[in-house]
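Contents: one structure, followed by commentary.
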Amino acid sequence: MTVRGSPAPSHTCIHDALARHPPVVVPQRSSSTHGRSLGTAELPGVRIVFDTSTLQEDVHTCYAPGAFVDVGSPSGDGACAPRVGGSGLLADCKFTCLESDVLTQQKQSLLADRLLPVVAAWVAAALKIKSPVQGSLVVDGAPCRFGNEVAMPRSVVAQGSPDTDVYVVVTARPTTGNTVAYAGHCQEAFGAASPLYVPHRGTVGHINIDPHSLSPLVSDAGMAGEDAVDGTLKVLLHEVFHVLGFTCAPAAA
């Protein structure tokens, strides 16, 4: 999603242009309504868990100014083009970290403690689910290959994620062009063929937000105003919908 350089965020979604692998289908143990017809208001909200432990020790994340990280899978030493004026697509290049690109403890706290809990609450209130996962969500150990690869935490692969319908690993890696965030799902549960077709539901995904876009929210002048925070929340909500399966292009083989 592109929102740089404008007080009123404009939407240029690059989701369907990003290279990705087919999602892994992981069967889940779902709760049953036992034939009961439930009204929408009675259905539970989607339980979404954001795992921010993946913000730590990530080779694609800037932790110090002047450091070099890979964006995409560069085959050489080609440097990334400047952000402003770029195509908006992620490139395969070497990125030089600036001060604003560094994922500071303040930015991590902003994401983990202020922004993502609001997004999780909004999704739970707005979206209902007919067959919540019973027990822990089963998470396959394959890396999530949407955008740059990200590994699944071992504890979640071994034990699953309790009280979860959708599990999302969160990264804060620099991006190129005007892109500030991207996301998609890499694991899904089986759908249903009868009586009406139900598409496979995304269960595990990856969201990345550029730490450069968080810098104005944690500036020396203090936290940004309500409009700036609200704009960032809308970016994250937009990306969550991609994790849930809102897409146009099929995954590449």
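The values are calculated or read from the model by the stated rules, or taken from the named source; none is laboratory data. Values in this document were obtained by computation on a predicted structure and should not be read as measured data. Here Cβ is always computed from backbone atoms with ideal geometry, including for glycine, and neighbour counts include all displayed protein chains. Heavy atoms of the whole protein, side chains included, go into the accessibility calculation; ligands, DNA and RNA do not. Shrake-Rupley method; radii C 1.70, N 1.55, O 1.52, S 1.80 Å.
A few notes on this one:
- Residues in segment 124-173 that are modelled with pLDDT of 95 or more, buried (at least 22 other Cβ atoms within 10 Å of the Cβ) and small (Gly, Ala, Ser): Ser161, Ala172.
- Hey, Arg47 more than 15 Å from Asn208 (Cα to Cα), touching an Asp or Glu at 6+ places or on another chain (Cβ under 7 Å), of a type in the set (Lys, Arg) and open to solvent by 60 Å² or more (accessible area, probe 1.4 Å) or not: yes
- Residue match in segment 64-76 (condition: more than 17 Å from Asn208 (Cβ to Cβ), at pLDDT 90 or above, open to solvent by 70 Å² or more (accessible area, probe 1.4 Å) and in contact with a Lys or Arg (Cβ under 8 Å, 6 or more places away or on another chain)): yes
- The single residue among Gly225, Gly231, Gly191 that is open to solvent by 40 Å² or more (accessible area, probe 1.4 Å), at pLDDT below 90 and more than 23 Å from Gln56 (Cα to Cα) turns out to be Gly225.
- Gln108 falls short on exactly one of the conditions (1) at pLDDT below 95; (2) part of a helix (DSSP H, G or I), and that condition is (1).
- Residue check, Thr96 closer than 24 Å to Leu214 by Cβ and not basic (Lys, Arg): yes
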